[in-house]
Amino acid sequence: MSPSPAQRAEVLRRQIDEAGKAYYDRDEQLIPDAEYDRLVRELEALEQAHPELVNADSPTQRVGGKAASRFAEVRHAVPMLSLGNAFSDEEVQDFVRRISERLRRDTVRFSAEPKLDGLAISLRYESGRFVQGATRGDGTMGEDVSANLRQIKVIPHTLQGSGWPQVLEVRGEVYMARADFEAYNADARLHEGKVLANPRNAAAGSLRQLDPKMSARRKLSFYAYGIGEVRGGELPPTHSATLAQLNEWGFPVSELCQVVEGGEGLLAYYRDIGERRDGLAFDIDGVVYKLDDRAGQEQMGFVSRAPRWAIAHKFPAQEQTTTVEAIEIQIGRTGAATPVARLHPVAVAGVIVSNATLHNADQIERLDVRVGDTVIVRRAGDVIPEVVSVIADRRPAGTSPWRMPTECPVCGSEIVREEGAAAWRCSGELSCPAQRKEAIAHFASRRAMDIDGLGDRFIDLLVETEVIRSPADLYTLTIDDFLLVKFVLDSERESIDSDLRAIIATDANERTRDLFGKESDVKSAFDPVNLAGDAWRAYVFGLLRQSGATFDWPKKHARKWAENLRDAINASRTPTLERLIFALGIQHVGESTAKALATWFGDLELIRHLPWPLFKRVPDIGGEVARSLGHFFEQPGNQEAIDALLQVGQVRISDAHPPSAKLRDGLDFAQLLVEAEIPGITRLRAEKLVAMLPDAASVLDAEPVQLVAAGLPNEVALGVADWLDHDGHGPMLLKADEYRRTLLERAPEATSQSEGPLEGQTVVLTGTLAQMSRDEAKERLEALGAKVAGSVSKKTSFVVAGTEAGSKLTRATELGIDVWDEDRLVAFLAAH
DNA sequence: GATCCTCGAGTTCA
DNA sequence: CTCGAGGATC
């Protein structure tokens, strides 16, 4: 027979009481936390179902029960002071000098400690028993969080050893270890609980939980670093000895505490801890130096609320709080709308941060970032600032959740989200100036056409003034064009050439005369403020360009600059095929795909007219990328842009060659039908079909009946007929077959290539190489047949590590992958 | 269908 | 550097 609810409740209470007593009174853990939790929860459930079983003795009433609505206030008998801060070596030296001068000592001994990023608290012991614990509060009044502090295992409930004063206040930091923080958040994510921003907030939040059970679930730790009120006893005469004494009485004291001498000792300690910082189990935001002997401390005294004998030497903050002034969206090259938080400028890890990416709309929703919010900003590990979380308590009234705008802020087109995708896109494509700018900037970038000296700022202006609309226009620009645009950029221009005035004055357009006719107005009319973002400006620029005016205005160095730019543009006229394809900025086509296209097809004409299913013949190109290529080349505008580059721009590809022989492998007409992804067409069916209808034209002309006669099931035949009628599939198939034949004609017979010594090997480069650039190393390795990948995996053959190699090297070591140093690479390259 | 790997795209500041 | 997603592979 199972026990009655009353009996079961009794058993549970006894178990919980025993475990609790052992834990509180003797610091013993009889049962694991999880088990303890389970028992309590079972009892709670039982009591809820049978309220008559509840009595005042029940552990549920004592541990949690009706928690106080807020914490009681506690007055600190000895105030909890704050510390002065030092951020530089000089400030530390000043601190040391002040002490040695006032105390008239040549050498000063300090106790140096890590400064934990947690929550300062004070623990009060009377007759060796813990009686009360309080937060720092404003230094004089704190909050009584005794119940929560009792849940922290490392805080003794009774003092060990002997010799403790009658009344002893121990001060220290409550913190959450990184591992516990990670574990807590992993669990919270799993159970859709509240994810905490950082260990500090986690610790603070936990201590302020009204329900000690909640607090108990979060594993907090504690380090003692000082004392408050002491009555009825003596403590050792130095701070370091006091810490050792506290440790004997049962308090955890950081092992990083050290006694050092003089300013040099302090700075050496600071640097040492700084280097070990990332490897510590907990977060620290600096170190603290305290004059070691108490007599000296008393002599030094206090300034306002901080002791003159101690100082905190802070590390540059890696995390900071600031406010969100606005959330704007940026339009990228592909039209992707990326929200960016404009922040009140704040120093994070040594630089001033005023922008932080919010990645995408989902991310904003997850964090619920709103304009006006106070947020935590971090530069995690790397460089790029990100918003970690919102501080909910500091949200001003009247905010509303951020919503993705429905219109592009630049061109006004609709912003749409592709089905299932995370990104929202401006639908304006190349009619959107933002996308045009980015497209041109991409075209000119180092890894594409490599036009040196054509900066973003200048491209913006070229596009805004409509001096250029497409990459090809770059090649038509004259030195005067550059100077004209530069003219707007240059705030120090003094005079305007008389030719220019003459043109303006004689222009037929009344508005031109109105604006520019009077000499006194000419300057202000060209002021960037008056010209900003206006179709009118474009008109004026057009006018000036047409006139063929020349400028005396530019200073000599400006003319030199313009000549350099022209030379750089000229020099970019003979790109390799792979660079040109990459420069076109086709979605999903980055450097490596561009290179694959170039090496496999070898010829721009072939690529730009190829029916898209054939792109899938290239390894690493699948349906999505092939379709994207097809979509790009189908746009008449894009084809015109390419024509313009070749004809007007006189761009000549330097490395055309016949397509790769491998492209013809198995590429008969039947295979083409399969690769065109016609619904229902398998290889087998395609072969049957081709037996009767041997070329594209006959397939196109066929009635569904004939398709059935050729061996296709009814439904498939109808599907094929339907497919051929749709979306230009029919003509495309025709073209595809035509190109199939071209490929067959132009591709040479397969020849056995001479294999490089690294054929089939995958190499990863990391760190900084001294003797060559990463790009150069990559090129030379590829020339030997290696594949150079960006990240380390099981498949990696070996890793070449330069100096300051980072995570990739770590990963290589973990996976047991060969690591070469630079010398070995250089020797290998020289040998082959 | 799941899993692993790689590529593309976007990002900040001095 | 990191995230998301495409491609290859089992």
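The values are calculated or read from the model by the stated rules, or taken from the named source; none is laboratory data. Everything quoted here is computed from the prediction, not taken from an experiment. When we count neighbours, we look across all protein chains shown, and the Cβ atoms used for this are built from the backbone with ideal geometry, even at glycine. Each accessible area value is taken on the protein alone, full model and side chains, heavy atoms only, with ligands, DNA and RNA left out. Shrake-Rupley method; radii C 1.70, N 1.55, O 1.52, S 1.80 Å.
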Revision key, fill the gap. Quarter of the surface of the C-alpha convex hull for segment A:662-729, i.e. direction-averaged projected area in nm², equals 4.3 nm²
Revision key, fill the gap. Between A:A336 and residues 5 or more places away or on another chain, the pairs with built amide H atoms under 5 Å apart involve A:C426
Point to revise | segment A:581-586 - phi-based ³J(HN,Hα) in whole Hz, Karplus 6.51/-1.76/1.60, Gly and Pro as x | key: 5, 4, 5, 4, x, 6
Study note, to complete from the structure: Going through A:K153/A:K290; A:K115/A:K153; A:K219/A:K290; A:K735/A:K778 one by one, the pairs whose alpha carbons sit over 31 Å apart turn out to be A:K735/A:K778
Check your understanding: Taking amide hydrogens as modeled 1.01 Å from N in the peptide plane, which residues meet the under 5 Å criterion relative to A:R342, leaving out close sequence neighbours?
Key -> A:E325, A:A326, A:I327, A:E328
**Study point:** Cα-based radius of gyration of segment A:637-688 once divided by 2.2 N^0.38 Å, which approximates compact folds
**Key:** 1.82
Check your understanding: Could you give the alpha-carbon Rg of segment A:429-481 over 2.2 N^0.38 Å, rounded to two decimals?
Key -> 1.03
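Compute the signed sum of charges (Lys and Arg +1, Asp and Glu -1) over the other residues within less than 12 Å, Cβ to Cβ, of A:T762.
Values: positive: A:K787, A:K794, A:K795; negative: A:E759, A:E782, A:D818.
Result for the local shell: 0.
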Point to revise | Theoretical FRET efficiency, 1/(1+(r/R0)^6), r = Cβ-Cβ of A:E745 and A:Q330, R0 56 Å, to 0.05 | key: 0.75
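Which pairs, out of A:K437/A:K787; A:K437/A:K616; A:K595/A:K787, put more than 22 Å between their alpha-carbon atoms? All intermediate terms of the calculation are to be shown ahead of the outcome.
On the way: A:K437/A:K787 33 Å; A:K437/A:K616 31 Å; A:K595/A:K787 12 Å.
Pairs exceeding the cut-off: A:K437/A:K787; A:K437/A:K616.
FRET efficiency for A:A6 and A:R403, Cβ-Cβ distance as r, R0 = 60 Å, nearest 0.05?
In this case the efficiency is close to 0.60.
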**Study point:** Cα gyration tensor of segment A:769-832 - equivalent ellipsoid semi-axes, whole Å, descending
**Key:** 19, 13, 11
Check your understanding: How long is segment A:331-409 along each principal axis, judged by its Cα atoms, biggest number first, in Å?
Key -> 36, 35, 19
**Study point:** Amide proton proximity set for A:D293, modelled H, under 5 Å, gap of 5+
**Key:** A:H239
Review point. Hey, could you pull the Cα Rg and Dmax for segment A:602-723, both in Å?
Key: 17.5, 53
Revision key, fill the gap. Expressed in angstrom, Rg and Dmax over the Cα atoms of segment A:66-123 are 18.0, 59
Check your understanding: For the pair A:A179 and A:A392, what calculated FRET efficiency results from E = 1/(1 + (r/R0)^6), where r is the Cβ-Cβ distance and R0 = 35 Å, to the nearest 0.05?
Key -> 0.85
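For A:E275 and A:D823, calculate 0.36 nm times their separation in residues minus their Cα-Cα distance, and state this gained length in nm to one decimal. Write down the numbers at each step before the final one.
Numbers: separation 548, 0.36 × 548 = 197.28 nm, distance 2.80 nm.
Stretched out fully, the A:E275 to A:D823 stretch lengthens by 194.5 nm.
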Check your understanding: How far is it, in nm, from the label point at A:A306 to the one at A:R41 when both lie 7 Å from their Cα along the line to the Cβ?
Key -> 4.7 nm
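If you take the alpha carbon radius of gyration of segment A:247-384 and divide it by 2.2 N^0.38 Å, what ratio comes out, to two decimals? Please list the in-between numbers first.
Working: Rg = 21.2 Å, N = 138, 2.2 N^0.38 = 14.3 Å.
The value comes to 1.48.
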Practice item. Express in % the proportion of alpha carbon pairs of segment A:328-468 at distances exceeding 21 Å. Key: 54 percent
Review point. In the full protein assembly as shown, how much of A:M449 is accessible to a 1.4 Å probe, in Å² to the nearest 10?
Key: 10 Å²
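Pull out the extension gain between A:Q635 and A:K153, defined as 0.36 nm times the separation in residues minus the alpha carbon to alpha carbon distance; nm, one decimal. Let's see the in-between values first.
Values: separation 482, 0.36 × 482 = 173.52 nm, distance 6.85 nm.
That pair, A:Q635 and A:K153, stretches by 166.7 nm at full extension.
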Check your understanding: Ignoring any ligand, DNA or RNA, what whole percent of the accessible area of segment A:227-324 comes from carbon and sulfur when the probe is 1.4 angstrom?
Key -> 48 percent
Review point. With each pseudo-label sitting 7 Å past Cα toward Cβ, what's the A:K735-A:S773 distance in nm, one decimal?
Key: 3.7 nm
